[in-house]
Structure formats: structure tokens, C-alpha cells
Amino acid sequence: MNIVGVKKLKTVVDKAIADVEITDVHTHLYASCFGDMLLWGVDELLTYHYLVAEVFRWVDIPYQQFWEMSKREQADLIWKVLFLENSPYSEACRGVLTVLNGLGLDVGSRDLSAYRRYFSEKTMEEYMDQVFELSRVKEVVMTNDPFDDNERKVWLESYKADPRFIAALRIDPLLNTWDQVWMKLKDWGYHVEEDLNGTTLEEIRRFLREWADRMQAVYMAVSLPPTFAFPENSSRAVIIEECVLPVCREFNIPLAMMIGAKKRVNPGLELAGDSLGKSSIETVEYMCANYPYNKFMVTMLSRENQHELSVVARKFRNLMIFGCWWFLNNPSLIDEMTRMRFELLGVSVIPQHSDARVLDQLIYKWAHSRRIIADVLFDKYKDLLEIGWKLEENEIRRDIEKLFSQNFWDFVKKKL
């Protein structure tokens, strides 16, 4: 037995965290066969919607003027305002610098032209390999929307599997805008009407089965507003109950619900204009209790929901909470949430996902999160050692493998 003492504990934990290969359970990345839908490079990093929202704290120009700029012009403005005229210590700005530093570039030079030259000499494929190697991410789960015309075309005509990119069937339009998308289903050959009659519901189930099978989706996913309630008298609730949950059970895949997003509170900012709100934990409780043979993955956007969500996860084996989503992906909040989850749930959580929209973000989001999770784990293991518990190095590595990968796969494959 290789017993770990307090003096060596930090070294052992840090090494195990650095070595572990990650399954990133929720991203907005794409395999190379999707072409330009995969975003990468310094200009994409700088024009990420987190930084767009931040730059408008400083610049006094009409929103439309910004959107009429080229991507390069937008990046120039953001670099000038957020990195040169102000110290870039916000998490979004720091993330850009972590990426550049991780690639071996001199962030102290502040030379945006040099950074652009570096990326111009890369192909997408070789850069993708480099990012996966640097981030030690072995696989990512994509967000795959069959209602997106560009993405749908790839799936139907030119999709090529890459084992590093795993599909998740995104169903936001189906649940949140049925009054708009039912005509699309009809145009695609499904015998549906806006009225959710028996034939329409069976055709929605057929649509979900076909796309879950085509994608080999590991879960279905939907982003929901703070007002989301279930049950309720709405098309969304009917489709969830009559179509989504039965097909998820049939395929033995979870429904991943990301709850709390308020869309376009400032429409002028476009994607950067979304916000958040506190949601009802009673909805999650109801679904877990009344559908015990369905599996649910849940993350919530409001900090105020996190304690309730962790407590509910103690009560239901068909619930897996995951990640520090979106506005919660900040070091102080990741630390707070991770400590609380470990204290309430032990090893039985998925502490983080990247939510990356730009390939490069795998480097910084996981570098930052690894460090925080390592610090929390050190404190928790130290607590055990101080009361006389003996820890072996292989047990620490076992726990870390579960947290960063195995818990997800065990839950996805679990039979209830």
C-alpha cells in the first residue's frame, strides 16, 4: 500500500489532477467535419460573448455599429479597451491570456499581431490536436441542434465521426418554440399539426428517435428559463411528458436540463445580452420523484439555486448535477460550489464542464478549474488524514478519475 501523508498530500493531489484525462460533458464545440461551425483562434477568443458584454461597459458606440464591424475590427477594439486601457483580470480576459501563455506565446509583449501570425500558420486539424493535448481533454460532448440548417445538412450529408466529439441532441426549439417549429417538422415529412393530438405526439417521438439514433446521442439537452415549471398547461410540458421522457427511457439516456437562462434581456448585445434568474427547485424534485425510471442531468444558473440543488441530489439517484454553468464559471463561485457539493455529495458529482464555444477555451477553462478543484480536494483529504483516516495514492486517483470522467459515463449507462 502506498499510504499518503499530509506532507506529500498536495503533491499527490496536484499530480493526479494534472494527469487525469477529462470527459467534458457539455460544450458548444464541433468536430472538423462541421467546418466553420468550429470556432478557433485569437480573434474568436477576443470576440467571445463574455468579452463583448464587458467591452460595452466602457465604449459608447451604438450596438449596431459594433455588429457591422468585421471580426478582426471587433477583436481590435476589445483588445485595446479591455487589455491595454484596463488591466485584464476579469475571468474572461484572464482566460484569453491563459490560452496564449499555454501555447507558449509571450503575453507580456501584448503583441496581438504576433498572436495572429501564430494562428495563421496553423491548420484546424493540427491545432485541434494541440488543444486536446494541452488541455488533457480526451473527449467533449457537443451541442447538436437538428433545427439548425447548417448543422442538419452535415448530419444528413457529410458527417464523419471523430471519437473525441460525442453528440448530444439539443431540443430547445422543440420545447420552447413549438408554435414556430412544427411547420419545419411538417416540411421534413413528419405528419404533425400545431395541435398536440395523438398523431402529432407520435410523430414527435419518431423525430426524437431518428435523431437520437442518427447522432448516437448520449443525452438530450435543453436550456430553460427561470420560469420553467412542470407540470403545467403548455406545449412544452406536454412534449416533455409525452415525447421526451418516453424516448429518453427507451434509449436509456438522460435529459440534461440547464435551467435559469433569461434570453435577450438586452437585445442590442445579441448573444451577449442574455441574463439569469432564480428557478424553482420544486420542478426538479417533481420530475425526479414522478419519473424514477428517467435520468436527469441538471445544472442551474443562479447561485441561489445551488444549495437546494445539491440537497435534492442527495434524495434522488436518478439526478446528476454537473458543472458551474456560464455566469457561475468564476473562480470564487467554482470554489464555493465545489466545496458545498463535495460536503453534501462526496464524490458523486460532475464538478465541472467547460461550456466552451471556442476550441481554445478548453485550455483555459480546464486549467483554471483543475487548480480550484485540486485545492478543494486537498482540504477535504487533509480533513480525513487529521482524524486518522489512511489514504492510498491509488484511491485519490480513483476519486479524481470519477470526478473528471467516470461519473458521467457510469450515469449515462446506468439502468434504473
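Give Lys380/Lys415; Lys8/Lys138; Lys295/Lys402; Lys380/Lys402; Lys263/Lys380 a once-over and call out the pairs whose C-alpha atoms are over 26 Å from each other.
Details: Lys380/Lys415 31 Å; Lys8/Lys138 28 Å; Lys295/Lys402 18 Å; Lys380/Lys402 16 Å; Lys263/Lys380 38 Å.
In this structure, Lys380/Lys415; Lys8/Lys138; Lys263/Lys380 lie more than 26 Å apart at Cα.
Compute from the Cα atoms of region 270-416 the Rg and the Dmax, the latter being the longest Cα-Cα distance, and quote both in angstrom.
Cα-based Rg and Dmax for region 270-416 come out at 16.1, 55 Å.
With a cut-off of 8 Å between alpha carbons and a minimum separation of six or more residues, what is the relative contact order of the chain in percent? Walk me through the numbers on the way to the answer.
Values: 624 pairs, mean separation 97.7, N = 416.
Computed over the chain, the figure is 23 percent.
Go from 0 up to the bin containing the longest alpha carbon distance in region 45-152, width 5 Å each, and give me the % of pairs per bin.
Per 5 Å bin, starting at zero, the Cα-Cα P(r) for region 45-152 comes out as 2, 10, 18, 19, 18, 17, 12, 5, 1 percent.
So what's the net charge close to Gly323: Lys and Arg +1, Asp and Glu -1, counting the other residues with Cβ under 13 Å from its Cβ?
Details: positive: Arg341, Lys365; negative: Asp24, Asp355.
With Lys, Arg at +1 and Asp, Glu at -1, the net is 0.
What does the chain give for Rg and for Dmax, in Å, if only its C-alpha atoms count?
Taking only Cα atoms of the chain, I get Rg and Dmax of 22.1, 67 Å.
Return the calculated 222 nm mean residue ellipticity for the chain, to the nearest 500 deg cm²/dmol, obtained by summing -39500 (n - 2.57) across DSSP H runs with n ≥ 4 and dividing by the residue count.
Details: 20 runs with 203 residues, N = 416.
After summing the helix terms and dividing by the residues of the chain, the value is -14500 deg cm²/dmol.
Could you calculate the contour length gain from Ser332 to Arg371, that is, 0.36 nm times the residue separation minus the distance between their Cα atoms, to one decimal place in nm? List each step's numbers first, then the result.
Working: separation 39, 0.36 × 39 = 14.04 nm, distance 1.21 nm.
Length gained, Ser332 through Arg371: 12.8 nm.
Multiply the residue gap between Leu384 and Phe316 by 0.36 nm, knock off their C-alpha separation, and tell me the result in nm, one decimal place.
Working: separation 68, 0.36 × 68 = 24.48 nm, distance 2.64 nm.
Working it through step by step, the gained length comes to 21.8 nm.
Since every read-out is calculated from the coordinates, none of them should be taken as a lab result. Just so it is clear, the model here is predicted, and its values are computed rather than measured. Positions of Cβ are generated from backbone atoms using ideal geometry, with glycine treated the same way; all protein chains shown enter the neighbour counts.
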